[in-house]
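Working notes, structure below.
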Amino acid sequence: MNIWIAVGLTAVGCYAVKLMGLVVPAGVLERPLVGRLAALLPVALLAALTAQQTFADGHSLVVDTKAAGLAAAAVALMLRAPFLAVLASAVLVTAAVRAITGWG
Amino acid sequence: MGTAVGLSGFAFGVTSAGSGLTVLQTCALSLLVFTGASQFALVGALAAGGAPLTAAAGALFLGVRNAFYGLRLSQRLALPRALRPAAAQWVIDETTAVSLAQPTRRSARIGFAVTGLTLYVLWNLTTLVGAVGARAVGDTGTWGLDAASPAVFLALLAPMLRTATERAVAAVAVVLGLGLLPVLPTGVPVLAAALAAPAVLWGAGRRRRPHTSQTPSAKEER
């Protein structure tokens, strides 16, 4: 039930912000500061989410094989590899290190 | 672009099912939310045991960028009022990029409709395949699929890190997100990390103000 509440809230909220952009008169949101903040907000959230999903285990921090996979993805991104290769390298390296070392 | 969206749709389906959502809940997210980063954030927060409200708030914060896409699109596409509620669901990163790259209004409208429809169908089909397939796969960890979600976030983040300001925001957000993890309820540290954006902007503004004429902005420094 809790999951359905979260699904419903996210669906309604995300649709509302999409629609808002299309229907509000131009200029309302187009102040430089608001624009800068809107551009930086996803940067902050994505950085925090990447770090958490790699290093968090409940309320504690761990370094496990996912870190190796993320490092591989970072290298792929630096080499300007396509999205597909970035995702594949993260998954394959994590699986490989896990299989070889038997580590979490 | 289609392959990339297809693969992340599949990865989302697998991740979501692995996070304990049912196939129906997973597909409902892709049908109704249809903005990838928010969906990954929501199922990640729920899997970690976050409260529904905090989990939804994180997903919603990530979706706010779509409002600014809509703002630019509404000028480019000049859609009739009646069509806007229907078009809104397709206002995402990819459709915005395609539409704004078109030379004329007509081609922008065609680009928006074709990209929107194609990706909507593809995203939802691959989500379904991923969610159903996750059962067959069994433990997603064995296949390293639990690394897919952070890799998607990293791939979305990387092109945004153009200037010193963005890198500073990312660094502060990582410190806040990880540092607050042991002490705050699940899902809240990510929301707190969002404060990195106004904090860094404020700091950058303060540093620039004393001698505005000489100090190059963060953009020019690069």
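Bear in mind that the values in this text are calculations on the coordinates, not laboratory data. What you see is a predicted model, and the numbers here were worked out from it, not measured in a lab. Heads up, the Cβs are rebuilt from the backbone with ideal geometry, glycines too, and the neighbour counts pull from every protein chain shown.
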Distance between modelled label sites at B:TRP202 and B:LEU24, nm, 7 Å Cα→Cβ extension: 4.6
Those residues of the range B:44-69 whose amide nitrogen sits under 20 Å from the label point placed on B:LEU195, 7 Å along Cα→Cβ: B:51, B:53-62
Most mobile listed residue (B:GLY44, B:GLY179, B:GLY203) in chain B, GNM with C-alpha springs under 10 Å: B:GLY203
Label point distance in nm, B:ALA171-B:VAL183, each placed 7 Å from Cα along Cα→Cβ: 2.2
Rg in Å to one decimal, and Dmax rounded to a whole Å, for the protein assembly as shown via C-alpha atoms: 19.5, 63
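In percent, what relative contact order does chain B have, based on Cα pairs under 8 Å that are 6 or more apart in sequence?
Value for chain B: 29 percent.
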FRET efficiency estimate (nearest 0.05) - Cβ-Cβ, B:VAL129 to A:ALA16, R0 25 angstrom: 0.30
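Kyte-Doolittle cut-off -1.0, length cut-off 20 Å along the helix's own axis using Cα: show which whole DSSP H helices in chain B pass.
Within chain B the helices that satisfy the rule are B:2-18, B:105-137, B:164-179.
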Cα principal axis extents for the range B:2-160, largest first, Å: 49, 31, 30
Alpha-carbon spread of the range A:63-104, three principal axes, descending order, Å: 31, 16, 10
Per-selection metrics, chain A (Cα): Rg and Dmax in Å: 19.0, 58
